[in-house]
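Working notes, beginning with the structure itself.
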Amino acid sequence: MIQFQDISLNYQTSQGQIVILKNVSFTVPSGEWISLIGPSGSGKTTILKIIAGLLKPTEGRVCIQDVNMYELSKVKRHEQLRTKVASVYQQFRLLPQFSAVENIMLPLIPYQKRKELLPRAHSLIEKVGLTQRLHHFPEQLSGGEQQRVAIARALMTEPEILLCDEPTGNLDHSNRDNVLSLLEVLHAEGKTIVLATHDELAATRSNRILALQSGVLEERIMDYDQV
Ligand SMILES: Nc1ncnc2c1ncn2[C@@H]1O[C@H](COP(=O)(O)OP(=O)(O)OP(=O)(O)O)[C@@H](O)[C@H]1O
């Protein structure tokens, strides 16, 4: 479960203090898929970075499975989150010098032998439907295929929580549908998913939509389970 409690985030700039998030609170029970929607600059990526342990809020608490992440030292926080939370981004972020299967293994390469990681990497590449592309390099893959490799890479540590930042933003219609269908499969398997998107239609695939406007969570919370 993710508890995002009374979170505010300000930046100090040469023009003075700017407020990015204002007193934002929400809870994501384990296994739920929520979508964050809102215009550009409303704070969606900022929320994902805070959940990922990468950005300390100015105020508020973020608890993952009841542990207050920002009370921990940076090292302990990363250790806690390393296997619990994984991210998928709009710009795939694959390393160009590595093949698909090598990219998938990357999150665990510092911790385990390559030989031990290969069977899991193979099963993940099969899961995302790219068995035929195992040894292809990113430049030899389509955008949709690269994103599916990126999702497989995110799954390598068996995270409970998947943070997806505009994962379909660079994809055409059919690749977008492939990626969303894959998220639906992962959700059905029990993953907790937080999707930040401009794509309101994509967001309707989730359990709940939270709408952000200039760093404020709108009261409008659409719960499709109750429609
Ligand atoms: N380091 C920083 N210093 C100052 N302002 C920042 C910094 N990082 C982000 N911002 C501002 O925070 C605001 C929220 O950014 P964020 O990336 O969370 O928005 P977003 O809703 O994800 O936008 P988009 O949909 O375009 O990705 C933006 O106005 C951005 O300019």
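A count restricted to segment 146-161 and to residues that are open to solvent by less than 30 Å² (accessible area, probe 1.4 Å) and closer than 12 Å to Leu106 by Cα stands at 7.
Within segment 25-74, being of a type in the set (Lys, Arg) and more than 13 Å from Leu9 (Cα to Cα) holds for one residue alone: Lys74.
So that you can scan it fast, the table gives a plain yes or no per residue for (1) of a type in the set (A, V, I, L, M); (2) on the phi > 0 side of the Ramachandran plot; (3) more than 10 Å from the ligand (Cβ to nearest atom):
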{"position": "Gln3", "(1), (2), (3)": "no, no, yes"}
{"position": "Ser8", "(1), (2), (3)": "no, no, yes"}
{"position": "Gly16", "(1), (2), (3)": "no, yes, yes"}
{"position": "Val24", "(1), (2), (3)": "yes, no, yes"}
{"position": "Thr27", "(1), (2), (3)": "no, no, yes"}
{"position": "Trp33", "(1), (2), (3)": "no, no, yes"}
{"position": "Lys44", "(1), (2), (3)": "no, no, no"}
{"position": "Leu48", "(1), (2), (3)": "yes, no, no"}
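Take the residues of segment 170-208 that are β-branched (Val, Ile, Thr) and surrounded by fewer than 20 Cβ atoms within 10 Å (Cβ to Cβ): which is farthest from the ligand (Cβ to nearest atom)? If you could, list the steps in order and put the result at the bottom.
First, pick out the residues of segment 170-208 that are β-branched (Val, Ile, Thr): 179, 185, 192-194, 197, 204.
Restricting the remaining residues to those that are surrounded by fewer than 20 Cβ atoms within 10 Å (Cβ to Cβ) gives 185, 204.
On the way: Val185: 25, Thr204: 18 Å.
Among those that are β-branched (Val, Ile, Thr) and surrounded by fewer than 20 Cβ atoms within 10 Å (Cβ to Cβ), it is Val185.
Among the residues making up segment 32-82, those that are over 21 Å from Gln213 (Cα atoms), in contact (Cβ under 8 Å) with a residue 40 or more places away in the chain, assigned to a loop (DSSP other than H, G, I, E, B) and open to solvent by 50 Å² or more (accessible area, probe 1.4 Å) are Gln65, Asp66.
Ile37 meets all of the listed conditions (1) on the phi > 0 side of the Ramachandran plot; (2) within 16 Å of the ligand (Cβ to nearest atom); (3) not small (Gly, Ala, Ser) but one, namely (1). For the residues His136, His122, His187, the requirement of being over 14 Å from the mean Cα position of the chain (by Cα) and in a helix (DSSP H, G or I) singles out His122. Val62 is checked against (1) within 16 Å of the ligand (Cβ to nearest atom); (2) at pLDDT below 95; (3) not aromatic (Phe, Trp, Tyr) and fails just one. What number does that condition carry? Every listed condition holds for Val62 apart from (2).
The values are calculated or read from the model by the stated rules, or taken from the named source; none is laboratory data. Remember, it's a predicted structure, so these values are computed and weren't measured experimentally. Glycine also receives a Cβ, built like all others from the backbone with ideal geometry; neighbour counts cover every protein chain displayed. Note: accessible area is taken over every heavy atom of the protein model, side chains too, but ligands, DNA and RNA are not part of it. Shrake-Rupley method; radii C 1.70, N 1.55, O 1.52, S 1.80 Å.
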